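Chemist: Before I ask anything, let me first share the structure, which is written out below as structure tokens.
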Amino acid sequence: MYIRFISKKVNEESNSPEGIFYSIWSLIDKEKMAAHEIATVDACFDWFGMHFKAPTCLSESENRRAICWFKETAVEPMKRIWPIVNVLEQHDIHILKITCNDPGIIVYESGWQVAAKPYKKGKDYSRGLGLSKYQSKINRK
């Protein structure tokens, strides 16, 4: 299972709901956060900076639609996400936690996360997977 934290705002690059990091960066850019909120977010960013690498493949044009998901085993990173969620919620930016079993075509994977391009509607991804078109649709539900 994969986990993602999203807002209602749609990201123009991926055409998917904006993730939590884009949401918090947008709030930081508006310079409307209190000092204690900045300290909370900075502490979370420091931890992520030491333990996560941004997938460089996301800067490649063929991966511009890719979005990042946590793996369900990412317990430590998720502990650092909730304080960011709380800051966003205090500024009326509502965050949803969503899950899925198949995030799309995985273009990057590490111990705690994947970056995946969502499947395009109407395209058959079963070839090469040993699945029939019908089975691949069932597996994406």
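Chemist: Would the range 108-118 turn up any residue that is among the basic types (Lys, Arg), touching a helix residue (DSSP H, G or I) at 6+ places or on another chain (Cβ under 7 Å), in contact (Cβ under 8 Å) with a residue 24 or more places away in the chain and at negative phi?
Modeler: Looking through the range 108-118, at least one residue is among the basic types (Lys, Arg), touching a helix residue (DSSP H, G or I) at 6+ places or on another chain (Cβ under 7 Å), in contact (Cβ under 8 Å) with a residue 24 or more places away in the chain and at negative phi.
Chemist: So, LYS8, is that one surrounded by fewer than 12 Cβ atoms within 10 Å (Cβ to Cβ), in contact (Cβ under 8 Å) with a residue 12 or more places away in the chain, at negative phi and touching a Pro at 6+ places or on another chain (Cβ under 8 Å) or not?
Modeler: yes
Chemist: Are there any pairs with C-beta distances below 6 angstrom linking a residue in the range 71-91 that is surrounded by fewer than 16 Cβ atoms within 10 Å (Cβ to Cβ) to a residue that is not hydrophobic (A, V, I, L, M, F, W, C), with the two at least 6 apart or on different chains, and if so which?
Modeler: Every condition considered, the pairs that remain are PRO83/THR40.
Readers should treat all values here as calculations from the given coordinates under stated rules, not as data from a laboratory. Quantities reported herein were computed from a predicted structural model and do not represent experimental measurements. Methodologically, a virtual Cβ is constructed for each residue, glycine included, from the backbone with ideal geometry; neighbour enumeration extends over all protein chains shown.
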